[in-house]
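For reference, the structure is listed below as structure tokens.
The values are calculated or read from the model by the stated rules, or taken from the named source; none is laboratory data. Everything numeric in this text was worked out from a predicted model, so none of it was measured. As a convention, Cβ positions derive from the backbone with ideal geometry for all residues, glycine included, and neighbour counts pool all protein chains shown. For accessibility, only protein heavy atoms count, side chains too; no ligands or nucleic acids. Shrake-Rupley method; radii C 1.70, N 1.55, O 1.52, S 1.80 Å.
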Amino acid sequence: MEKQVDYIIFGQGIAGTVLAYTLIQNGKKVHIVDDNSISACSRVAAGNFNPIVFKRLVKSWMADELIPFADHFYRECEQFLNQEFYWKKEIVKIFAEENERDFWLKKSSDESVSNYLNKNIDSEFFPDIIHNPLGATFVKGAANLFVSKYLADFRNYFIENGLLSAEKFDYQDVIPNASGVTYKNIQAKKLIFCEGYKIMDNPFFNWIPLKPAKGEVITVKIKDLPTDKIINKGVYMLPIGDDLFIVGTTYDWNNLNDDPTEKARNEIAEKLSKVLKVPFEIVDQQAGVRPSVNDRRPVIGLHPEYTSLGVFNGMGTKGVMLSPYFSEHFYLHLEKGNILDKEVNISRFQK
Ligand SMILES: Cc1cc2nc3c(=O)[nH]c(=O)nc-3n(C[C@H](O)[C@H](O)[C@H](O)COP(=O)(O)OP(=O)(O)OC[C@H]3O[C@@H](n4cnc5c(N)ncnc54)[C@H](O)[C@@H]3O)c2cc1C
């Protein structure tokens, strides 16, 4: 064998990147294999994380644990690479109906979520640009990761340090053996699959009941909107500089590919035109397929038979917020024998 490592990681989306960094920080040797033209999911992700589920105004699952962990994690990544890609950003909620505003005001005094819901209503939030007759307020504690930059910066680091093979992987070359696993000329203790929804093609793990959802976003040019806040009214508008905003998103459980569609473009543009009083220009459109499962929890753990093979997947709509905390959780399981939380443990799908 030409190379010996502790872990081979298949896939350099958000899941594979975050896991690789976690392992490296804990002194493990890793090698990553990824052809990033196969799935665009992480690269098209807006990178928002929101501690609140807007419809019910309840806390997003484990928000109190996930958010501080992710804050610390991404800031540490910035220092490690000497780059910038992570910002705390308020999410401005524009009310569409009176009962929505009344519900917000009621919930903002509810102890379970009050630390995330601002109490004051702003009736003057960009009234010349946004339809805002019922006022606006904001979610505290939200943040944004510039995911495509995060992935590109880490890719450069991995390549410069000889830690990444930029190629399509072939499952036939994965050979579990007595001392771990080999992949081509690499021997490792374990190989962790992080290939997003493409795990459906994985002969070792295709029994995981994935329910992938295609999503699309458009990039639009809008003048004179704030550049430090994410605005939400049915669609989100994420500022990315130069008067450009990423606007999304859609859900399609049938057409699982990365091809942008006219239907999604029209759907998002129609929603956006109900928010804005001013015209906007669509300059780009992107699509990706989210690796979701029915119970909306990550899927983490080792193969029941080939214990040198594992998965770190199922990040669904929240890869940015979930990956840091659960990569540490997985590391502690792999290296220290800690028990995996049963809500995320792959064993929940074993018959
Ligand atoms: C439109 C849209 C908006 C989103 N917005 C957000 C958001 O705001 N916040 C958030 O937290 N999440 C968001 N998400 C969800 C987020 O993108 C996912 O949770 C996350 O990207 C999943 O990452 P992953 O690493 O598991 O999979 P992927 O990103 O799919 O990564 C898998 C990697 O493996 C590679 N690969 C697969 N098969 C092979 C092979 N055979 N050989 C070589 N390489 C291979 C792929 O090319 C890819 O690089 C959004 C998703 C979409 C579609």
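Remarks
- Between 0 and 90°, nearest 10: helix 63-81 axis offset from the chain longest Cα axis: 70 degrees
- For Asn257, the shell of other residues with beta-carbons less than 14 Å away shows a net charge of -1, using +1 for Lys and Arg and -1 for Asp and Glu.
- Relative to the globular-protein estimate of 2.2 N^0.38 Å, the Cα radius of gyration of region 2-92 stands at 1.29.
- In units of the compact-protein estimate 2.2 N^0.38 Å, the chain shows a Cα radius of gyration of 1.03.
- Surface analysis of region 227-331 yields an accessible area of 45 Å² per residue, using protein heavy atoms and a 1.4 Å probe.
- Radius 14 Å from Cβ of Ile240, net charge of other residues (Lys, Arg +1; Asp, Glu -1): 0
- Pairs exceeding a 25 Å alpha-carbon distance, out of Lys29/Lys168; Lys214/Lys351; Lys106/Lys221; Lys55/Lys211: Lys214/Lys351; Lys106/Lys221.
- Centroid-to-centroid separation of region 208-249 and region 139-158 [C-alpha atoms, Å]: 15 Å
- Computed from Cα positions, the angle between helix 14-25 and the longest principal axis of the chain comes to roughly 60 degrees.
- Across the options Gln172, Thr219, Gly196, the greatest Cα extent toward the positive end of the charge dipole of region 153-274 (unit charges at beta carbon of Lys, Arg, Asp, Glu) belongs to Gly196.
- Label-to-label distance, nm, for residues given as Lys336 and Gln350 (7 Å Cα→Cβ offset): 2.3 nm
- Rounded to the nearest 0.05, the FRET efficiency derived from the C-beta distance between Phe103 and Met200 at R0 = 56 Å is 0.90.
- Backbone N atoms of region 276-291 closer than 19 Å to the 7 Å Cα→Cβ label point of Asp128 belong to residues 276-281.
- Apportionment of accessible area to carbon and sulfur, the chain, percent (1.4 Å): 47 percent
- The residues packed around Ile67, meaning those with a beta-carbon under 13 Å from its beta-carbon, carry a net charge of +3 if Lys and Arg are +1 and Asp and Glu are -1.
- Choice from Ile94, Ile268, Ile175 showing the highest fluctuation, given a GNM over the chain with Cα pairs closer than 10 Å: Ile175
- Think of region 245-316 as having a plus end and a minus end, set by charges on the Cβ of Lys, Arg, Asp and Glu; of Leu302, Leu256, Ser273, Ser273 sits farthest toward the positive end of this dipole.
- What you get for the chain, charging only the Cβ of Lys and Arg (+1) and of Asp and Glu (-1), is a dipole of about 740 debye around the Cα centre.
- Built amide H within the under 5 Å cut-off of His31, gap 5+: Tyr7, Ile8, Ile9
- For region 175-277: Kirkwood Rh in Å [reciprocal of mean 1/r, alpha carbons]: 17.1 Å
- Using the rule -39500 (n - 2.57) for each DSSP H run of four or more residues, divided by the residues of the chain, the 222 nm mean residue ellipticity is -8000 deg cm²/dmol.
- The angle between the Cα long axis of helix 262-275 and the longest principal axis of the Cα atoms of the chain comes to about 40 degrees, rounded to the nearest 10.
- Nonlocal amide H pairs with Ala143, under 5 Å, H built at 1.01 Å: Phe49, Lys89
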